[in-house]
1. Can you tell me which residues in region 114-136 are within 36 Å of the chain's Cα centre (by Cα) and either open to solvent by less than 20 Å² (accessible area, probe 1.4 Å) or among the charged types (D, E, K, R) (or both)?
2. Are there any pairs, at least 6 apart or on different chains, whose C-beta atoms fall under 7 Å, with the first in region 275-287 and outside any strand (DSSP E or B) and the second hydroxyl-bearing (S, T, Y) and open to solvent by 30 Å² or more (accessible area, probe 1.4 Å), and if so, which?
3. For the structure I just gave you, tell me whether K55 is modelled with pLDDT of 95 or more, more than 30 Å from V171 (Cβ to Cβ) and surrounded by fewer than 17 Cβ atoms within 10 Å (Cβ to Cβ).
4. Any residue that is modelled with pLDDT of 85 or more, in a helix (DSSP H, G or I) and surrounded by 10 or more Cβ atoms within 10 Å (Cβ to Cβ) - is there at least one of those in region 230-243?
5. Among the residues of region 254-274, which ones are in a loop (DSSP other than H, G, I, E, B), closer than 14 Å to K313 by Cβ and open to solvent by 40 Å² or more (accessible area, probe 1.4 Å)?
6. Evaluate the following for L106: is it buried (at least 23 other Cβ atoms within 10 Å of the Cβ), under 27 Å from T61 (Cα atoms) and not small (G, A, S)?
7. Select from region 137-183 the residues that are open to solvent by 80 Å² or more (accessible area, probe 1.4 Å) and closer than 30 Å to A91 by Cβ and list them in ascending order.
8. Could you please find all residues in region 303-316 being open to solvent by 80 Å² or more (accessible area, probe 1.4 Å) and under 16 Å from G276 (Cα atoms)?
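The values are calculated or read from the model by the stated rules, or taken from the named source; none is laboratory data. Here the structure is a predicted model, which means the values were calculated and not measured. Neighbour counts are summed over all protein chains in view; Cβ atoms, including those assigned to glycine, are modelled from backbone coordinates with ideal geometry. For accessibility, only protein heavy atoms count, side chains too; no ligands or nucleic acids. Shrake-Rupley method; radii C 1.70, N 1.55, O 1.52, S 1.80 Å.
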Amino acid sequence: MSHVAMIAAARRWMPVALALALAACSGKEETPAPAAQGAAAPVAAAPAAPAVAAKVQSMGTEQLRESASQALRENRMYAPAGDNAIEYYLALRDKTPDDASVKSALTDLLPYTLIAAEQHLGREDFTEAQRLVALIEKVDASAPALPRLKEGLSKGVQVAAKRTEDETEKVKKDAEDRTKQLAEQQRLTEQRAKEAEAAKQIAAQQDVARRDSERQEADRQAAARRDAEQKQQQAAAQQANAARQAATAAAAPSLRPVSTPAPRYPAEALRSGTSGEVLMEITVGTDGSVTNARVLRATPSRVFDREALNAVKRWRFEPVNAPVTTRRTLVFAPGG
């Protein structure tokens with residue numbers, strides 16, 4: 001698309017884009033505004049940078065036209081700095097002052113830059129606002145909004161600087177007040193500590209005998225409680241074990257195997273000729289499948305456990321009315 005056609009296309013969509021920019025600036029061009037406290041001081045101290053970046057000014061005419069057209073297509077009207085349409089057109093105007101299409105493009109881009117400058121002033125992003133005001137001034141030094149923007153920028157920087165100064169002073173005063181409070185608290189704490197130490201020394205001698213007696217009694221009671229709890233736990237464990245064995249013995253005969261594949265013999269144990277057995281506890285669900293399995297005892301330990309578990313989990317029995325827990329011993333013997 002030629003430069004003239006690009007300008008014509010830009011004129012067709014710019015009114016729509018301007019209406020959208022009045023509501024919210026493009027996410028591609030706007031960045032979150034910095035905190036107000038940190039924005040004022042750098043703008044006040046830093047010298048104003050050139051409105052058009054040096055790298056843009058050094059570009060040739062054709063390169064500027066292509067870059068300006070690309071920036072328009074990508075909605076980079078005034079940002080980021082050094083890579084936006086208005087800077088490219090300003091550089092073009094310096095090189096081709098009689099090009100009416102360049103002047104027209106700058107006229108069309110000016111309202112967007114004005115809106116962006118207002119938004120950055122509102123966010124107290126004074127660095128970006130100053131850059132945009134410089135662009136506006138270079139486009140049209142007599143722009144009606146320019147004095148108001150400059151005044152707003154100056155006042156905004158002053159207000160932010162004053163706010164920072166006030167907050168710094170408040171922090172300093174708060175710190176001094178805290179220091180005084182801490183000093184007074186320290187004095188009172190030391191005074192109370194001395195009084196408490198004197199009372200403690202008097203009471204300590206009277207309390208030694210009583211504490212020793214109470215400690216001995218507490219130790220005796222604790223030992224008695226531990227003995228009683230241990231006996232209760234042992235009795236409960238014995239009862240539970242007896243009940244589990246009785247339930248297992250009663251339920252086991254009701255299980256009718258459908259499929260009980262033998263476990264795989266571990267290769268290493270087979271090579272070494274190791275034999276052994278694993279006592280398993282399994283729970284069979286109502287559908288006849290093994291719902292839970294655990295190793296109760298293995299000889300030797302950790303040699304056949306995994307294969308025993310894998311095997312019993314594949315076992316199937318005829319359906320039963322209620323889950324049944326039983327024990328089965330799996331024997332591993334080479335050549336068996």
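1. Matches in region 114-136: A116, A117, E118, H120, R123, E124, D125, F126, E128, A129, R131, L132.
2. Between residues of region 275-287 that are outside any strand (DSSP E or B) and residues that are hydroxyl-bearing (S, T, Y) and open to solvent by 30 Å² or more (accessible area, probe 1.4 Å), the close pairs are G285/T291.
3. Criteria met by K55.
4. No.
5. Of everything in region 254-274, those that are in a loop (DSSP other than H, G, I, E, B), closer than 14 Å to K313 by Cβ and open to solvent by 40 Å² or more (accessible area, probe 1.4 Å) turn out to be T260, P261, A262, R264.
6. no
7. Those that are open to solvent by 80 Å² or more (accessible area, probe 1.4 Å) and closer than 30 Å to A91 by Cβ: S142, P144, P147, R148, K150, E151.
8. Hit for region 303-316 is R306, nothing else.
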